[in-house]
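Just below is one structure, and these are the notes that go with it.
The values are calculated or read from the model by the stated rules, or taken from the named source; none is laboratory data. This is a predicted model, so every value here is computed, not measured. A quick note on method: Cβ atoms are made from the backbone with ideal geometry, for glycine too, and the neighbour counts reach across all protein chains shown.
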Amino acid sequence: MKNFRGFTIIEVLVSALVMSLLIFAAFAVLDVGRGSWFGGDVRTELRKEMIRAFMSMERELRETRPVSGGPSARINLNFGETGNSISFQIPQDNDLDGTVLDSLGDIEWSGNITYLLNENNEIIRTAADGTSKVLALNITGLEFSRFRIPDLPNDLLIINLTAQKMSGIGKLATERGQLIVRMRN
């Protein structure tokens, strides 16, 4: 008859410790993967918000006239200035004749339109009639800068955005973006 020898208590404890370490390592790797997944998802959401805001702002700001000062001003930001809000006017068919030109051939301008960052971290567009629209959420920084470059016929407006949001695992995700708009009117 054969004698089978069993495991000693030390051998069982060592094998249990090794298995525990392997399981712990596997869960640590999974947790890092989960954090990367959720962090990437939040950053993607922030990028989408920024792109949505940039597209809307670019469409209108491209149409604004780069004139500063006096009653004919079309934008409230002077050259070299930086601000966290901007007011401007765009060409608009005020007399409803199908064109943005009046009877004298001059451009008809809208009332003031304003972009600003509110206390809820939203970029708000307020039209001349007082109606407001949210352009983007989770925006923690909004900055407008206006420049004139001598060799270019039009002014440049630089918009910097910072967006932040907590991910599902408690980490703060931050995205930054910049848009340069060449005003053409």
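Assorted remarks:
- Only one entry of 40, 69, 33 meets the criterion of being under 19 Å from the mean Cα position of the chain (by Cα) and at pLDDT below 90, and that entry is 40.
- Whenever a residue of the stretch 147-171 is at positive phi, it has no partner that is in a strand (DSSP E or B) and at pLDDT below 75 lying with C-beta atoms less than 8 angstrom away and at least six residues away or across chains.
- Evaluation of residue 82 against the conditions (1) within 25 Å of residue 51 (Cα to Cα); (2) at pLDDT 85 or above; (3) exposed (fewer than 13 other Cβ atoms within 10 Å of the Cβ); (4) of a type in the set (Val, Ile, Thr) shows that the sole unmet condition is (2).
- Only listed residue being outside any loop (DSSP other than H, G, I, E, B) and out of contact with any Lys or Arg (no Cβ under 8 Å at 6 or more places or on another chain), chosen from 124, 149, 86: 86
- Residue 177 loosely packed, with under 13 Cβ neighbours inside 10 Å, in contact (Cβ under 8 Å) with a residue 12 or more places away in the chain, under 30 Å from residue 32 (Cα atoms) and not aromatic (Phe, Trp, Tyr): no
- Residues of the stretch 158-174 that turn out to be in a strand (DSSP E or B) and surrounded by 17 or more Cβ atoms within 10 Å (Cβ to Cβ), as a count: 6
- If you go through the stretch 4-28 and keep only what is surrounded by fewer than 10 Cβ atoms within 10 Å (Cβ to Cβ) and part of a loop (DSSP other than H, G, I, E, B), you end up with 4, 5, 6, 8.
- Count of the stretch 128-140 residues, restricted to those that are among the hydrophobic types (A, V, I, L, M, F, W, C) and either touching a strand residue (DSSP E or B) at 6+ places or on another chain (Cβ under 6 Å) or part of a strand (DSSP E or B) (or both), is 4.
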